[in-house]
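First comes the structure, then the notes that go with it.
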Amino acid sequence: MSAGEFRIAVLASGTGSNLQAILDTLHGGPEGIVVVAVASNKPDVPALERARRAGVPTAAFALDEYPDRPARDAAMADWIAGHDVRLVVLAGYMHLLTRTFLGRFQHAIVNVHPSLLPAFPGIHPVDDALAAGVRVFGVTVHFIDEGVDTGPIILQRALELPHARSSADVLERLHPIEHELLPDAIRLIAAGKAQIDPANPRRVLLEP
Ligand code: GRF
């Protein structure tokens, strides 16, 4: 490990386009941010293949190989902590993390979510937004807490799509925003410019 490195782990369950954006725009760059570990709850996902292509160590922690979810999360936390990371990035990681995991990386886990939180938390945010008839969609990057998509918000960006009809169309427009916003948030954290407000732990103080 070299001095000044900001070591991150990424958890992903699927395609891994957000992981790819991190690898392409941050990994090994001038900010000192290095992806040192990528883990998944599924062994055969493209995200792991993307990590391997970039030469990043990978591991899969399938739930059915452990007695329960806390046991799986403990094993995954051990593996990640063994890589001495400062931040865990959830980039399309589709399992809820138990306290076992959260307690190991306090205020050091971030997530990207395709809605303007606190609107539309959960696993079908774009379908829910369409069903509610909204005309403004968006992306949120937030710290993780024990709730579902409830942690302190770091960055958000809105997108007006007044004629949106299908979630596939909306997601296609939101993905490029995710691919900018998630790396931007990681950059801010690595630079010490995104801190939880001690006076109001719901808020994140951002430095320009
Ligand atoms: C993204 O839309 C992200 O917001 C959500 O899961 C999706 C992951 O996409 N949490 P990818 O695997 O990064 O392509």
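The values are calculated or read from the model by the stated rules, or taken from the named source; none is laboratory data. These numbers were taken from a predicted model, which means no experiment stands behind them. We place every Cβ from the backbone using ideal geometry, glycine too, and count neighbours over all the protein chains shown. Side chains included, ligands, DNA and RNA excluded: accessible areas come from the protein's heavy atoms. Shrake-Rupley method; radii C 1.70, N 1.55, O 1.52, S 1.80 Å.
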- Considering (1) touching a helix residue (DSSP H, G or I) at 6+ places or on another chain (Cβ under 9 Å); (2) surrounded by 15 or more Cβ atoms within 10 Å (Cβ to Cβ), say which one Asp24 fails and leave the rest. (2)
- Task: State whether one or more residues within region 22-32 are within 14 Å of the ligand (Cβ to nearest atom) and farther than 24 Å from His107 by Cα.
- Result: yes
- Note on the structure: For region 104-131 the number of residues that are more than 12 Å from the ligand (Cβ to nearest atom), open to solvent by 30 Å² or more (accessible area, probe 1.4 Å), within 17 Å of the chain's Cα centre (by Cα) and not aliphatic (A, V, I, L, M) is 4
- What single numbered condition from (1) at positive phi; (2) free of Cβ contacts under 8 Å to residues at least 40 places away in the same chain fails to hold for Ala62? (1)
- Please work out if Ala81 is away from the ligand (no atom under 15 Å from the Cβ) and either at positive phi or surrounded by 13 or more Cβ atoms within 10 Å (Cβ to Cβ) (or both). yes
- In region 132-152, residue nearest to Met94 (Cα to Cα) [restricted to those that are open to solvent by 60 Å² or more (accessible area, probe 1.4 Å) and of a type in the set (A, V, I, L, M, F, W, C)]: Val148
- Query: Do the conditions hold for Glu172, that is, is it within 23 Å of Arg86 (Cβ to Cβ) and open to solvent by 60 Å² or more (accessible area, probe 1.4 Å)?
  - Reply: no
